[in-house]
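The values are calculated or read from the model by the stated rules, or taken from the named source; none is laboratory data. Since this is a predicted model, take the numbers as computed values, not measurements. Don't worry about glycine lacking a Cβ; one is built from the backbone with ideal geometry, like all the others, and counts go over all protein chains shown. Quick note on the areas: whole protein, heavy atoms, side chains included, nothing else; ligands and nucleic acids left out. Shrake-Rupley method; radii C 1.70, N 1.55, O 1.52, S 1.80 Å.
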Amino acid sequence: MPERVPASGTVHWIGAGLSTGSGLARLCESADRVRLWHRTEERAAGSLARLGLVGRAEPRAYTLPALTAELAPGDVVVSMLPAPEHAGILAACVAGGAHFACSSYVSDAVLEQVPQAAKSGLVVLTEAGLDPGIDHLFAHSLVARAREAIGDGTAASYGFTSYCGGIPAVPNDFRYRFSWAPAGVLGALRSPARYIEDGAETTADRPWEVTRPHVLDGETFEVYPNRDSLPFVEQYELPAAWQARSFVRGTLRLEGWLRAWDAVFEELKGGDDARIAALARELAERYPTTDADRDRVVLAVSLDVRSREGRNWSGSYLLDLVGDAEESAMARLVSRPLALGVGHILDGSLPAGLNRAAETAARSEEWLGELARQGVEFTLRTEG
């Protein structure tokens, strides 16, 4: 492995949408220089004013050529843009000798560039937000605790669930307000979900049709599987001797959401891409998140292991946060873990090549401790 390119101390943060929050402020404290790139320099300056960061970061008008012209070896580029933009930005980073970070799932287009980035001594940090991100930290922590209690080689079965949702703090008739791009919300619902149920791989072509109740601390929510859960069995390092009774990663909504969205689902069943894009715009106008609204984020991850020898263990993490006048819950919980990861690029503790928020249980415990000290509150419960 070639020597890792030392971080220069300069961070380029691209995008200032709904998920950019106090994590950016924390980077302004730890980095030597921060540049915020937005659609125009005026919008970037306005976002810095909103975040109380005037004079602490430099506003820039984003285009990929403009970013490329300012990149220096060892800089860190943080992309808050939609996932399809990441491959082009990463290519510019590799060409310019800069590290790369985002909160999104690693795509095939990004993965193809990782070998060259690693060969060049560059860090590629992905899946370092809320979901994906904090959910990975919770999962690795639970699996490590269960492995210690049960044993890797012990025949056992397990049930695993990970549900996350951004919901209104004060429920409305629609049981939802859009805390991220409506097109992305509808696109996820149109994507088949693959998961394990009753010990067998299962696919739901329309994920909302398998929505079920899920009770957390006495409050009932509705949950459904999201996209492909199966690769995470290996990513979370569940022992081969353990057989999955269930393994689901999915989305959490307020009770009553399924009924409230009935008309939307009818559109999703028969609408083409153009109609769904129009529907996304209509819903965004009808149910926006305004400055007066407060969002709520709930993330619940649980693992229950039962050995054939009668040794059982269960554990769960619950994060439940309501936004305030200064910052939405979504912005805090996406930007802070991402900023934490960027901080570890700056201090040299992340190796070159592909990194996710949690590659090991040890890193999960380290990052969870750091997030807790930063005021991200969550609870851990274990039994057995």
Of the convex hull drawn through the C-alpha atoms of the chain, the volume per residue in Å³ is 141 Å³
Scoring the chain by relative contact order with C-alpha pairs under 8 Å, at least six apart, yields a percentage of 23 percent
Magnitude of the Cβ-charge dipole (Lys and Arg +1, Asp and Glu -1) of the range 1-116 about the Cα centre, nearest 20 debye, reported as 360 debye
Within the range 323-365, the residues whose backbone N lies under 19 Å from a label point placed 7 Å from the Cα of Val170 along the Cα-to-Cβ direction are 323-330
If each K or R counts +1 and each D or E counts -1, the residues other than Ser364 whose Cβ falls under 14 Å of its Cβ total -4
Computed for the range 252-384: size of charge dipole around the Cα centre, +1 on C-beta of each Lys and Arg, -1 on C-beta of each Asp and Glu, debye to nearest 20, value 460 debye
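If contacts are Cα pairs under 8 angstrom and at least 6 residues apart, what is the relative contact order of the range 214-351 in percent?
Reported relative contact order: 16 percent.
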Summed over the other residues with a beta carbon less than 13 angstrom from that of Thr203, with K and R at +1 and D and E at -1, the charge totals -2
Yeah, the range 92-220 with a ≥ b ≥ c from its alpha-carbon gyration tensor (a/c under 1.5 is rounded, else prolate when a/b outruns b/c, oblate otherwise) is oblate
With 0.36 nm assigned to each residue of separation and the Cα-Cα distance removed, Lys269 to Glu234 gains 9.3 nm
Extend 7 Å from the Cα of Ala188 along its Cα-to-C-beta direction; within the range 87-130, residues with backbone N under 17 Å of that point are 103-107, 127-130
Computed over the range 91-208, protein heavy atoms only, probe 1.4 angstrom, the accessible area per residue in square angstrom equals 35 Å²
Averaged per residue, the 1.4 Å probe accessible area of the range 293-373, protein heavy atoms only, in Å², is roughly 38 Å²
When the charge dipole of the chain is computed with +1 at the Cβ of Lys and Arg and -1 at the Cβ of Asp and Glu, the Cα pointing farthest to the positive end, of Val297, Tyr176, Gly23, is that of Gly23
Between Arg286 and Asp217, Cβ-based FRET efficiency (R0 41 Å, step 0.05) works out to 0.85
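If you add up the charges near Val215, with Lys and Arg at +1 and Asp and Glu at -1, over every other residue whose beta carbon is less than 15 angstrom from its beta carbon, what do you get?
Net of charged neighbours comes to -3.
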Per the C-alpha gyration tensor (a ≥ b ≥ c, the square roots of its eigenvalues), the range 236-361 is rounded if a/c is under 1.5, else prolate if a/b beats b/c, else oblate; here it's oblate
Of 273-284, 45-56, ordering from highest average Cβ density within 10 Å down gives 45-56, 273-284
Output for the range 42-84 (equivalent-ellipsoid semi-axes, sqrt of 5λ from the C-alpha gyration tensor, Å, descending) is 20, 13, 11
Rounded to one decimal in nm, the spacing of the 7 Å Cα→Cβ label points at Ala260 and Thr63 is 4.3 nm
Check: C-alpha center the range 221-249 vs C-alpha center the range 292-341, spacing in Å is 17 Å
In whole percent, the fraction of accessible protein surface over the chain that belongs to carbon or sulfur atoms, probe radius 1.4 Å, stands at 49 percent
With +1 at each Lys and Arg Cβ and -1 at each Asp and Glu Cβ, the charge dipole magnitude of the chain around its Cα centre, to the nearest 20 debye, comes out at 180 debye
The relative contact order of the range 1-100, taking Cα pairs under 8 Å that sit 6 or more residues apart, comes to a percentage of 33 percent
